[in-house]
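Laboratory data are not the source of any read-out in this text; all were calculated from the coordinates shown. Please read all numbers here as calculations on a predicted model, not as lab measurements. Here the Cβ positions follow ideal geometry from the backbone for every residue, glycine too, while neighbour counts run over all protein chains shown.
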Amino acid sequence: MRGGEERQTATGIRKKGSGVRQWLMLDGKGETEVVEAGKHAIMRRTGLPARDLRILDPLLSYPSTLLGRERAIVINLEHIKAIITAHEVLLLNSRDPSVTPFVQELQARILRHHQAFSSKHHDHHTDSDPDHDHDPDAIKILPFEFVALEACLEAACSVLENEAKTLEQEAHPALDKLTSKISTLNLERVRQIKSRLVAITGRVQKVRDELEHLLDDDDDMAEMYLTDKTATEISFEAGEPPVGFEDQHNAYNVLGRDSHGTRGSTYSAVTKQLDVEELEMLLEAYFVQIDGTLNKLSTLREYVDDTEDYINIMLDDKQNHLLQMGVMLTTATLVVSAFVVVAGVFGMNIHIELFDPDKAGMTEFLWTVGGSTAGTIFLYVVAIAWCVWLKNRDEKKKKRKGETNKCDKNEQKNDKKLPVFAFVMQSVVLRNGNSQNRLEMEREIEDEA
């Protein structure tokens, strides 16, 4: 295959066009092997259609996906792009530095699973007790595909949870700093944090929705029991009826009427009879984990929104102070304009006693200027006092209106309590008074009610 690739490269055909990619294969014993295979080879090996392989294409952007098929499970979770069969795992981007720890963890899990399965198989052959297989206290080993699926889910959920924790640790100091000091730098930091928060929330929400969709559909979960379907297929080929043979035989009768039907569809019908409780418990654990991460991000989003509201309140308060300052400056400008009008009047070419040096001197001039200045200041003080009076009047009106509404509510409560009080008084009178007093008291109570 490498020689064919070299020939294609020599002829000018790009590797992208050939569709040959490197896959890291992990078998049931935990051994790894790098395989170069094209799309059609993977389709024949796993039984997947082309549209499912397109989900794993690194050149295309697909959201997180978990698909159960006849012979394989397709996983596209964050940085993990894998195909899980009943006996092996195929990883597409195994050279990615973020995938290397996952590969090591997956290899260790598969190795432990192989050792546990071998030990149980050895004990099964050496134990002569026929009821050993039905021991409820015996440790049940997960199928190979569930071991690999659990490793993928744990890696994806852990990555998202770590990113959420890192973002939370960066967000709180930045938001507190912005609250104490509003600046362009702090606003830019908070904007970047909010953008990251929206992106991470979308990714976490998609993984959560995918797990929720699987948990809500038992048929999709049954499709993921690859080991049981393989065992059922081997039993049918060997002519030995497995457990629950009657149900499987009925499924064969239903689907076997079409001579062109595939055996895969038959096994799909058979797997619907499987108990999905085991997979459901596995998925629920990671659903709870990813849901907790989403709740943590939602809490952080609420904290960001509260900080934005607080910043808006602070900005509105500063804007009100600026408007108040603008009103004061406008009033001062208006009063000074009145003084300028007086100066303009005196600057006109008119004959008045103030301009006659024989009748008026420097003293009269100073009195005129001082009087105009004092009048200007007086007008300014009056204008400011009038504005303050209007403000206090509006506040008193609002306060009186609030007290009136409170009194109305109390009166409504008393009106509701009055019939109950009248009923109690009527009961007391009927018990202790004579007949005439009873009638009089009843009339008084009716009038009051």
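Sorting Glu150, Glu403 on the 10 Å Cβ count, fewest up front, what's the list? Kindly include the intermediate steps, with their values, before the conclusion.
Details: Glu150 18, Glu403 10.
The fewest-first ordering by Cβ neighbours comes to Glu403, Glu150.
Could I have the simple spin-label model distance between Thr368 and Leu334, label points 7 Å from Cα toward Cβ, reported in nm to one decimal?
Inter-label distance under the simple model: 2.7 nm.
How much length, in nm to one decimal, is gained on full extension between Met43 and Gln169, taken as 0.36 nm per residue of separation minus their Cα-Cα distance? Intermediate results must be reported in sequence, preceding the final value.
Details: separation 126, 0.36 × 126 = 45.36 nm, distance 4.44 nm.
Going from the current span to full extension adds 40.9 nm.
Could you list Glu88, Glu163 so that the one with the fewest beta carbons within 10 Å of its beta carbon is first and the one with the most is last? It would help to have the intermediate numbers written out before the result.
Values: Glu88 22, Glu163 18.
Listing Glu88, Glu163 from fewest to most nearby Cβ atoms yields Glu163, Glu88.
Among Thr184, Thr65, Thr404, rank each residue by its count of other Cβ atoms within 10 Å, from fewest to most, as a rough exposure measure. If you can, show how the numbers build up before the last one.
Working: Thr184 7, Thr65 16, Thr404 10.
Ordered by Cβ neighbours within 10 Å, fewest first: Thr184, Thr404, Thr65.
With θ set to phi - 60° and the Karplus curve 6.51 cos²θ - 1.76 cosθ + 1.60, what are the ³J(HN,Hα) couplings of the range 39-48 in order, to the nearest whole Hz, using x for Gly and Pro?
Once rounded to whole Hz, the list reads 5, 5, 5, 5, 5, 5, 6, 10, x, 8.
Considering amide H positions built from the backbone, and no H for Pro or chain starts, which residues 5 or more places from Thr32, or on another chain, come under 5 Å of its amide H?
Hits under the 5 Å cutoff: none.
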